[in-house]
Amino acid sequence: MTTQAVAHQHGFGATARRDVWWLGPLATSIGLLSFVVYSTWAAFQGAYFEYGPYLSPFYSPLIFGNSPHAWIQGMPGWWPTWLPFSAALLVLWAPGGFRLTCYYYRKAYYRSIWMDPVACAVGEPRKSYWGENTLPLILMNAHRYFAYLAVIFIGVLAYDAVMSYIWTDADGAKHFGMGVGSIVLTLNPIFLGLYTFGCHSLRHLVGGKKDCFSCSSFGHARFKMWSAVSVLNRNHQLWAWVSLFGVGFSDIYVRMVAMGHWHDVRFF
Ligand code: FES
């Protein structure tokens, strides 16, 4: 009997596979759930998200707050009194939605968390395929719109990276400086850019629906952009994980330094 037949006849988890097929889904679920738990805790904490010129990417852009990083000083008057204020809640929905609807992450958590399908030739928990053409999964089609927002966030975080080199003295004078945090906050938008600019939806946006680049207006430029996105797209899974680790570590770094647990080494 083939491995596919065993899986089909004997239900969820049944397989004739002899390899450690469960290792990938297990590692993926641990990685994703760890990030979700940490980022949710960090988003609701509402404190220790800045240190000097450093701003945690979870709280950027800081739209409201009592901080030199804030666009608008103070708390929003319309914030519900029953919910502790955290500026992260105003912005995290956009990069969160971008990752949640990403084609790679969909594959990852459909397999590792929903376990449907958990792996090739392993029995599934459901008999029918529902697809993504009804609620709630039809909402995954919003990915292209989240992608446009994600590009804006890359610009915001790149600005934060530049500002992480601008230190303010006790007398208010500003000067160029660099600490370990500056490097961490510089690498973060680079990793996020390598992930974001390899997005399947952006690839379609710049080069999709074109059978003949040279026949279309701006064809040469579009082909160049499509080729560049395609290079990153080939390693989209790698950049998805590297950038996830990078953005999580950036928050941890700023938080640990702000709480006094870690010392930020200053080079100059
Ligand atoms: S497909 Fe992964 S970010 Fe768009």
Expressed as an acute angle from 0 to 90° and rounded to the nearest 10, what is the orientation of the C-alpha long axis of helix 236-259 relative to the principal long axis of the chain? 30
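Highest mean first, how do 158-168, 210-220, 122-132 rank when packing is the count of other Cβ atoms within 10 Å averaged over residues?
On the way: 158-168: 17.2, 210-220: 10.3, 122-132: 12.1.
Those peptides, ordered most packed to least, come out 158-168, 122-132, 210-220.
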From the phi of every residue in segment 165-181, what ³J(HN,Hα) in whole Hz does the Karplus formula 6.51 cos²θ - 1.76 cosθ + 1.60 yield, where θ is phi - 60° and glycine or proline is x? 9, 9, 9, 10, 6, 4, 8, x, 6, 9, 8, 6, x, 8, x, 4, x
Could you state the angle between the C-alpha long axis of helix 219-233 and the longest principal axis of the C-alpha atoms of the chain, as a value from 0 to 90 degrees rounded to the nearest 10? 80
Leaving out ligands, DNA and RNA, and with a 1.4 Å probe, what % of the accessible surface on segment 3-259 is carbon or sulfur? 68
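Sum up the lysine pairs in the chain that clear both bars: alpha-carbon distance under 26 Å and a spacing of 8 or more or different chains. Walk me through the numbers before you get to the answer.
Values: 107/127; 107/209; 209/224; 210/224.
Pairs that pass both the separation and distance tests number 4.
If packing is taken as the average number of other Cβ atoms within 10 Å across a peptide's residues, how do 180-191, 142-153 rank, most packed first?
Put in order of decreasing packing, that is 180-191, 142-153.
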Mind checking the per residue accessible area of segment 3-259 for me, 1.4 Å probe, whole number of Å²? 55
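Report the relative contact order of the chain, percent, no decimals, based on alpha-carbon pairs under 8 angstrom and at least 6 residues apart. Before the final figure, lay out each step's value.
Numbers: 345 pairs, mean separation 61.8, N = 268.
Normalised by residue count, the contact order of the chain is 23 percent.
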When ranked by the protection proxy of mean other Cβ atoms within 10 Å per residue, highest first, what sequence do the peptides 50-56, 40-46 form? 50-56, 40-46
When DSSP beta bridges are limited to those with both residues in segment 3-259, what percentage is antiparallel, rounded to the nearest 5? 75
With x for Gly and Pro, the residue-by-residue ³J(HN,Hα) of segment 40-47, computed from phi through the Karplus equation 6.51 cos²θ - 1.76 cosθ + 1.60 at θ = phi - 60° and given in whole Hz, is 5, 4, 5, 5, 7, 5, x, 8
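If contacts are Cα pairs under 8 angstrom and at least 6 residues apart, what is the relative contact order of segment 45-121 in percent? Don't skip to the end; give the middle numbers.
Working: 63 pairs, mean separation 16.2, N = 77.
Once normalised by length, the contact order is 21 percent.
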Tell me, what ³J(HN,Hα) does each residue in segment 69-85 have, in order and in whole Hz, if you take phi through Karplus 6.51 cos²θ - 1.76 cosθ + 1.60 with θ = phi - 60° and put x for Gly and Pro? 7, 6, 6, 10, 6, x, 9, x, x, 8, 5, x, 5, 6, 10, x, 6
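The values are calculated or read from the model by the stated rules, or taken from the named source; none is laboratory data. Keep in mind it's a predicted model, so treat the numbers as computed, not measured. Don't worry about glycine lacking a Cβ; one is built from the backbone with ideal geometry, like all the others, and counts go over all protein chains shown. Only protein heavy atoms, including side chains, enter the accessible area calculation; ligands, DNA and RNA are left aside. Shrake-Rupley method; radii C 1.70, N 1.55, O 1.52, S 1.80 Å.
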